Amino acid sequence: MKKEIQDILNTLKPKMKPDRFYHTIGVIYTAANLAYAYDYDADKAMLAAALHDCAKLIGANDYIEECKRLHIPIAEYSYDSPHLLHADLGAYYAKEEYGVTDEEVLHAILVHTTGCPNMGLLDKILYLADYIEPGRFPYKGIDQLRKAAYTDIDYAVYLEAENVLEYLKEREFAQDPRTKETYKYYASILNRR
């Protein structure tokens, strides 16, 4: 592991709750494995993974006010689901507080929760690693998703978006439009095969 990533972890560890820190370690591990599987730069994948939840050092109730303070645009649906703003804040903090300048890494952090159409490889790696890391509580379809992540990454992205939308629908939570767009985009890719 590069010293830069170890330094970030040393900074985050005392500030994060233990379960959040162990989740971050699991995401780093999984992102590195996916990077190796798809011949991608493992250091970049681990950097994005190390910082993907760096905004969760503040409480979800403070995300809207923090976005306003930092002049980060807030989509209307985010007022119903402010926890999603940790991705927007995380990309901002990664750049401003941790000095990350790689736009690919910043974009992966930005979309790691909801996905987006036409994701780059690092976007997909982080999006999946966050949901399939070894410490993730078992949920319906996780085994299929874990297998797909290493065999067909676009199919895995589709499955993850589908699982998230189903989870939100079952619990009558608002569905983020970005996740719906991700699902539709990757469904269309699979349909064209």
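Taking the listed residues 174, 129, 156, 161, the one that is within 30 Å of residue 93 (Cα to Cα), over 13 Å from the mean Cα position of the chain (by Cα) and part of a helix (DSSP H, G or I) is 156, with no other qualifying.
Can you name the residue in region 79-112 that is farther than 15 Å from residue 46 by Cα and of a type in the set (Phe, Trp, Tyr) and is also modelled with the lowest pLDDT among such residues? Among them, the one singled out is 79. For region 78-111, a residue qualifies if it is assigned to a helix (DSSP H, G or I), open to solvent by 10 Å² or more (accessible area, probe 1.4 Å) and touching a Leu at 6+ places or on another chain (Cβ under 8 Å), and the qualifying residues are 88, 91, 92, 93, 95, 104, 107.
Table: residues versus (1) open to solvent by 40 Å² or more (accessible area, probe 1.4 Å); (2) at pLDDT 95 or above; (3) assigned to a helix (DSSP H, G or I).
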| site | (1), (2), (3) |
| --- | --- |
| 4 | yes, no, yes |
| 15 | yes, no, no |
| 31 | no, yes, yes |
| 48 | no, yes, yes |
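Within region 114-137, is there a residue that is free of Cβ contacts under 8 Å to residues at least 60 places away in the same chain and either open to solvent by 70 Å² or more (accessible area, probe 1.4 Å) or over 24 Å from residue 180 (Cβ atoms) (or both)? Taking every residue of region 114-137 in turn, at least one turns out to be free of Cβ contacts under 8 Å to residues at least 60 places away in the same chain and either open to solvent by 70 Å² or more (accessible area, probe 1.4 Å) or over 24 Å from residue 180 (Cβ atoms) (or both).
Based on what the data block shows, is residue 61 in a helix (DSSP H, G or I) and either at pLDDT below 95 or of a type in the set (Ser, Thr, Tyr) (or both)? Show your work before the answer.
Numbers: in a helix (DSSP H, G or I): yes; either at pLDDT below 95 or of a type in the set (Ser, Thr, Tyr) (or both): yes.
Against the criterion (in a helix (DSSP H, G or I) and either at pLDDT below 95 or of a type in the set (Ser, Thr, Tyr) (or both)), residue 61 qualifies.
The values are calculated or read from the model by the stated rules, or taken from the named source; none is laboratory data. The shown structure was predicted, so the numbers you read here are calculated from the model rather than taken from an experiment. Cβ: placed from backbone, ideal geometry, glycine included. Neighbour counts: every protein chain shown. These area figures cover heavy atoms from the full protein model, side chains too; ligands, DNA and RNA do not enter into them. Shrake-Rupley method; radii C 1.70, N 1.55, O 1.52, S 1.80 Å.
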